[in-house]
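One structure is given here, and the rest of the page talks about it.
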Amino acid sequence: MKDIIKIIKLDTISIYPYLTIKNLLIIIILSIFYSFSAKSTTVIFGITQVFAVLFSSYPFLVGNESGIDSLYGILGIKRENVVYGRYIWSMLINIFGIVLGIIFGSIISIFLKTDFIVQALVISPTIFFMSSIVILIQYPLFFKYGYAKAKTVMSMLIIGVAIIGLSVMYFKETIIKVIEFVVSNILISIILFILLYLAINFLSIKLSTKYYKEREF
């Protein structure tokens, strides 16, 4: 457990150069602009979670540039603990993004005169789930290829997802039926989503651990 805490601390330190006033202002300006344009504060969660996903990849970027992965070996930190620590760290970053979204949304909703609490309760879990899935897909690639090569692979995957997304339009009736099932069976749907989330977590961590142990530094 001590090694996992060390990784969390080291990853936090590694993103300090990116925790700038400039980045905070960008988030605030985008939140204000899109909230007033859409007349809805729910868009804020999308903005904060995009940044959360970006920040979750920065330890890999810093690791590539500084050779910190070799340092973990010198410090006697097991590779599986590096993986566990980084996954916990990414979840904390994800949660922080949601909290930031709630803070900004609460303030902006005062000016828009919208019921933000109800919106936050409905939207934030969904956005958290979606951003978590993106991170869970990225991490095995980062642990296997490193930051630079993984980004190239991710670009190809995004193109693939876009193509699938366009093809989904041909199955509108099936999608409508799925949505109707979800709406009419909320409890079952929530349980299925949780089980799916846990299964993806398990598979992602297993793959990351396997790939990271096989990498040479």
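Figures for the structure shown
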item	result
Geometric extent, Cα atoms of segment 1-75 - Rg, Dmax (angstrom)	16.3, 53
Candidate lysines for bridging to Lys144, where Cα separation is under 30 Å - those fewer than 8 sequence places away on the same chain excluded	Lys2, Lys6, Lys9, Lys78, Lys206, Lys210, Lys213
Overall dimensions of segment 81-155 as given by Cα atoms, namely Rg and Dmax in Å	16.0, 48
26 Å Cα-Cα reach of Lys39 towards lysines, excluding residues that sit fewer than 8 places from it in its own chain	Lys22, Lys113
As computed over segment 22-138, the Cα convex hull volume per residue (Å³)	106 Å³
Listed residues Phe116, Ile8, Met91: farthest to the positive end of the dipole of segment 1-128 (Cβ charges)	Phe116
Loop-located trypsin sites (Lys or Arg not before Pro) in segment 45-128 whose Cβ has at most 12 other Cβ within 10 Å (DSSP)	Lys113
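A short reminder: the numbers here are calculations on the coordinates, not readings from a lab. These numbers were taken from a predicted model, which means no experiment stands behind them. As a convention, Cβ positions derive from the backbone with ideal geometry for all residues, glycine included, and neighbour counts pool all protein chains shown.
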